[in-house]
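Data first, discussion second: the structure below is written as structure tokens.
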């Protein structure tokens, strides 16, 4: 199980990356996510620094405002975030196909690693 403080740091980093990529200020992101303009900048700043964690509803609203899947904001690496974002753009049938291909590739790597150890 992941350490909650590590998850918070992943969220903080991904949130800031997504906000900058969207070209939004902290205040604009906060207000787009339904946070009062009076506290929007401060709250988003705290989320990005990892000093405060949004509840699930607020995190979902931030993801929606950024037009990214919520899961991508919790991804451990930039590559994982990119994969999640790319998958979200595919229809469900294609998502299933890509997931199956990826799982087959992972299984192939495991099998090859196991043979090297023989």
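The values are calculated or read from the model by the stated rules, or taken from the named source; none is laboratory data. Quick caveat: nothing in here was measured; it's all calculated off a predicted structure. Every residue, glycine as well, gets a Cβ built from its backbone with ideal geometry; the counts of neighbours run over all protein chains shown.
Answer yes if at least one residue in the stretch 85-101 is under 11 Å from the mean Cα position of the chain (by Cα), under 23 Å from residue 23 (Cβ atoms), assigned to a helix (DSSP H, G or I) and free of Cβ contacts under 8 Å to residues at least 24 places away in the same chain, and no otherwise.
yes
Yes or no: residue 63 within 27 Å of residue 99 (Cβ to Cβ) and surrounded by 16 or more Cβ atoms within 10 Å (Cβ to Cβ)?
Numbers: within 27 Å of residue 99 (Cβ to Cβ): yes; surrounded by 16 or more Cβ atoms within 10 Å (Cβ to Cβ): yes.
Answer is yes for this residue.
Checking the condition within 15 Å of residue 18 (Cβ to Cβ) and either in contact (Cβ under 8 Å) with a residue 40 or more places away in the chain or surrounded by fewer than 13 Cβ atoms within 10 Å (Cβ to Cβ) (or both), which residue from 109, 73 passes?
Details: 109 fails: within 15 Å of residue 18 (Cβ to Cβ).
Exactly one residue qualifies, and that residue is 73.
Among the residues that make up the stretch 25-38, is at least one of them out of contact with any strand residue (DSSP E or B) (no Cβ under 8 Å at 6 or more places or on another chain), more than 26 Å from residue 6 (Cβ to Cβ), in a loop (DSSP other than H, G, I, E, B) and in contact (Cβ under 8 Å) with a residue 24 or more places away in the chain?
Our first condition is that a residue be out of contact with any strand residue (DSSP E or B) (no Cβ under 8 Å at 6 or more places or on another chain); within the stretch 25-38, this holds for 25-38.
Next cut, more than 26 Å from residue 6 (Cβ to Cβ) only: 25, 27-28, 31-32, 34, 36-38.
Checking which are in a loop (DSSP other than H, G, I, E, B) leaves us with 25, 34, 36-38.
Okay, now just the ones that are also in contact (Cβ under 8 Å) with a residue 24 or more places away in the chain, so 34.
There is at least one residue in the stretch 25-38 that is out of contact with any strand residue (DSSP E or B) (no Cβ under 8 Å at 6 or more places or on another chain), more than 26 Å from residue 6 (Cβ to Cβ), in a loop (DSSP other than H, G, I, E, B) and in contact (Cβ under 8 Å) with a residue 24 or more places away in the chain.
Checking residue 55 against (1) surrounded by 17 or more Cβ atoms within 10 Å (Cβ to Cβ); (2) under 17 Å from residue 10 (Cα atoms), which test does it fail?
Answer for residue 55: the failing condition is (1).
Are there any pairs with C-beta distances below 6 angstrom linking a residue in the stretch 7-18 that is at negative phi and at pLDDT below 95 to a residue that is assigned to a helix (DSSP H, G or I) and surrounded by 18 or more Cβ atoms within 10 Å (Cβ to Cβ), with the two at least 6 apart or on different chains, and if so which?
Close Cβ pairs satisfying both conditions: 10/74.
Being touching a residue at least 12 places away in the same chain (Cβ under 8 Å) and part of a loop (DSSP other than H, G, I, E, B) is the filter here, so list the residues in the stretch 55-67 that pass it.
Correct list: 67 only.
Which count do you get for residues in the stretch 24-50 that are closer than 12 Å to residue 11 by Cβ and out of contact with any helix residue (DSSP H, G or I) (no Cβ under 6 Å at 6 or more places or on another chain)?
2
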